[in-house]
Each structure stands twice: as C-alpha cells, then as structure tokens.
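Written out below as structure tokens is the structure these notes cover.
Read the figures in this text as sums done on the coordinates, not as results from a lab. Everything numeric here is computed off the predicted structure, so don't read it as measured data. A quick note on method: Cβ atoms are made from the backbone with ideal geometry, for glycine too, and the neighbour counts reach across all protein chains shown.
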Amino acid sequence: MNNRNTALTATEQQARSPEDVFEQLQAGNTRFVNSTPYQVDASALRSETVDGQHPQAVVLSCIDSRVPVEMVFDQHIGDIFVARVAGNFENDDILGSMEYACAVAGSKLVVVLGHAGCGAVKAACDGVELGHITGLLSSIAPAVSKVEGETNKTPTSKDSDFVNAAIAENVRMTMARILEKSSILKELNDAEKIAVVGGVYQLDSGQVIWLD
C-alpha cells in the first residue's frame, strides 16, 4: 500500500521538469484506473499547505461531475490547480489563471482535459441556443466546424463518431489557442519551462487517452 503524507515543497516543484510532471500525472491516472490510489493523510496535507502551495500542474477541465480531476490523476491537496468550464475551453479568465499558475506559482504543465460524452460539445453539434449557453457554445463551435469540413457530415449529437472527433478537436484547438493568446505561456513553453498537453477522459474506464 502506497502512503502519501507530505505536500509538494517548492524545492520538489522546481526540481521537476514538465516531462517529470507529465509522467507523475500519467502514473496517477494508472493508479486511479487500477483502483490503487495513494493512501493520504489529508489532515497532514492541510496543515502543511496553510502557509503556501507549490502545485506542479494546472488542469483545464469540463465542469462535468463525472470527471473528478484530482481523483483522475490521484492528486491531492497542494498538488494541482484546476480550472473548470463547460466544454473545457480557454477564455481571458482561464488564461489569467493559467498564467498565475505557471508564471507566479511555478507550475510546470498545462493540461487540457476533455471527456467522452461531453454535453457541451453535443450541444454545440446540435446548435443549441439558450441564454448564456449560446455564447459559451460559440467557443466550441470552431472544433465542430472543422470536423464537419473534414468529414462532410452534418453535425449532430446522435453521431457518436462525430461527437468524439469534435471532443478531441476541441482539446487540440484549445491547446493551440492558449499559446496563441498568452505571450506569457508561449514564452515559458518556448523556453521549455512548461509544456501544454491534452487528453480525453473515458467515462467508462477512467483512463485518460492522451492526444498527440
């Protein structure tokens, strides 16, 4: 049984490369899938992080309740920042949060995490218009349009292959826009001080399928 009773320190955070952090998250997801997570002393972690935090990554996820981000990567108090919005896309507030995580707090990895069966992507496929949801879906629409152009298929939430392709494309396009819109993150990425990766969480298995 693996035990985890200490929080990440500044020294440990800074000693890790983006590749090291990526491997940490991959290993954590394997533990989650295999139902062998670390046994954690949450009280000890709370006490250790009262005066500061040194998270190793920032994850942009959908709000979906079936995607418990910290659990998915077997991460705990003080380990990762998590930003959530339906459809896991960037906006100015998300970008500012990522810039804080990486440029100020020292995180080494930006993760864009989509998930199978994403309701926001399905709604974008169907062109749903409802209150503020309409504006939200406009950020996902470019991914739907790209898949439509590549497949010559009419977007619809009833076509699982189309939806899955749009989910993956939305992750890829979000990753690209993060670096296009944030000069701070681009400079850190170009200097190899951070990396930006993306994946799609599988609701049935719990596995994160990483994208190229």
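Summary of values
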| read-out | value |
| --- | --- |
| Some residue of the range 40-61 being touching a residue at least 24 places away in the same chain (Cβ under 8 Å), surrounded by 20 or more Cβ atoms within 10 Å (Cβ to Cβ) and under 15 Å from Gln202 (Cα atoms) | yes |
| Filter result (within 23 Å of Val110 (Cβ to Cβ), β-branched (Val, Ile, Thr) and in a loop (DSSP other than H, G, I, E, B)) within the range 1-40 | Thr9 |
| Selection within the range 2-19 - under 17 Å from His76 (Cα atoms), loosely packed, with under 15 Cβ neighbours inside 10 Å and not hydroxyl-bearing (Ser, Thr, Tyr) | Asn2, Asn3, Asn5, Ala10, Glu12 |
| Boolean, Asp93 is closer than 23 Å to Asp190 by Cα and without any contact (Cβ under 8 Å) to a residue 12 or more places away in the chain | yes |
| Lone unmet requirement of (1) touching a Cys at 6+ places or on another chain (Cβ under 7 Å); (2) within 19 Å of Gly199 (Cα to Cα) for Ala165 | (1) |
| Counted residues, the range 97-150 - those being more than 20 Å from Lys181 (Cα to Cα), in contact (Cβ under 8 Å) with a residue 60 or more places away in the chain and either among the aliphatic types (A, V, I, L, M) or part of a helix (DSSP H, G or I) (or both) | 1 |
| Hits in the range 52-77 (condition: small (Gly, Ala, Ser) and out of contact with any helix residue (DSSP H, G or I) (no Cβ under 7 Å at 6 or more places or on another chain)) | Gly52, Ser65 |
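Results for (1) of a type outside the set (Asp, Glu); (2) touching a strand residue (DSSP E or B) at 6+ places or on another chain (Cβ under 8 Å); (3) under 30 Å from Phe32 (Cβ atoms), shown as yes or no for each residue.
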position	(1), (2), (3)
Ala141	yes, no, no
Ser145	yes, no, no
Asn152	yes, no, no
Thr156	yes, no, no
Ala168	yes, yes, yes
Glu180	no, no, no
Ser183	yes, no, no
